[in-house]
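Below is one structure, written out as structure tokens; the observations come after it.
The values are calculated or read from the model by the stated rules, or taken from the named source; none is laboratory data. Here the structure is a predicted model, which is why all the values come from computation and not from measurement. Quick note on the areas: whole protein, heavy atoms, side chains included, nothing else; ligands and nucleic acids left out. Shrake-Rupley method; radii C 1.70, N 1.55, O 1.52, S 1.80 Å.
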Amino acid sequence: MFVNWLRTNVYASILLLLARLYIGYEWISAGYEKLSDGFSAAKFLQGAIDKPVVTHDQIVYPLYNAFLKAFALPNVGLINFIIPWAEVLVGLGLLLGCLTTVAGFFGMTMNTAFMLAGTVSSNPWMLVITIFILVAGRNAGKFGLDRYVLPYIDFWFKPTKE
């Protein structure tokens, strides 16, 4: 019942618009700050590797820690490029309501990655709010560019009947 309301109700789409604007602003401002200040993830990655999330003297996320050691830190230049631009693009997608669920998915992916590395900050709130945006699907972008973009995508990528 609640999911149906999120996916179809005009009042839900208004609430989702407000959520989108808030989360989109958070992403775009974080990305812009990183782009304009010369962002480097090297210290953050090293800190996440040196002080992983632990409980009872055991690393809670050993696979993620291994990913940081084996891939992220050695390729910090790639990470330094991807994170700020991903934050800006997710923010734009949510602010404009363009490919809203795609932007929300990638925003959730980044929030989760930051939390696995031990950063809490506003990430849990952003993750919870974005869950509602994803569950709402097309209704989340009803007051945005999705109103025009999604019919175009539907036209070109409609399933074929055999």
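In degrees, nearest 10, range 0 to 90: what is the angle between the Cα axis of helix 10-37 and the longest Cα principal axis of the chain?
Roughly 40 degrees between the two axes.
Would you list which aspartates and glutamates come within 16 Å of K69, measuring only between C-alpha atoms, while excluding same-chain residues fewer than 8 positions from it?
D50
Could you work out how far helix 100-116 tilts from the main Cα principal axis of the chain, as a 0 to 90 degree angle to the nearest 10?
20 degrees
Could you pull out every residue, at least 5 positions away or on a different chain, whose amide H is within less than 5 Å of the one on I59? Hs are placed 1.01 Å off N in the peptide plane, and Pro or chain starts have none.
For I59, whose amide H was placed from the backbone, there are no distant partners under 5 Å.
Roughly how many Å² is the accessible area per residue of the range 77-152, as a whole number, for a 1.4 Å probe?
Values: 3720 Å² over 76 residues.
So the range 77-152 comes to 49 Å² accessible per residue, rounded to a whole number.
Please give every one of the lysines within straight-line cross-link reach of K142, meaning a C-alpha to C-alpha distance under 26 Å, and leave out same-chain neighbours fewer than 8 residues apart.
Once the sequence-local lysines are set aside, what remains near K142 is K158.
If I compute solvent accessible area with a 1.4 Å probe over the protein chains, what percent of it on the chain is carbon and sulfur?
On the way: 7130 of 10250 Å².
Carbon and sulfur: 70 percent of the exposed surface of the chain.
For the chain, what's the relative contact order in percent, using C-alpha pairs closer than 8 Å and at least 6 residues apart? Working shown, then result.
On the way: 193 pairs, mean separation 54.7, N = 162.
Result for the chain is 34 percent.
Which entry in [x] 30; [y] 14; [z] 48 matches percent of Cα pairs over 29 Å apart derived from the coordinates of this structure?
Read-out taken from this structure: [x].
Could you tell me which of rounded, prolate or oblate describes the range 1-96, using a ≥ b ≥ c as the square roots of the eigenvalues of the alpha-carbon gyration tensor, with rounded for a/c under 1.5 and, failing that, prolate when a/b is larger than b/c and oblate otherwise? Let's see the in-between values first.
Working: a/c = 3.29, a/b = 1.60, b/c = 2.05.
Oblate shape, in that a/c is at least 1.5 and b/c is the bigger or equal ratio.
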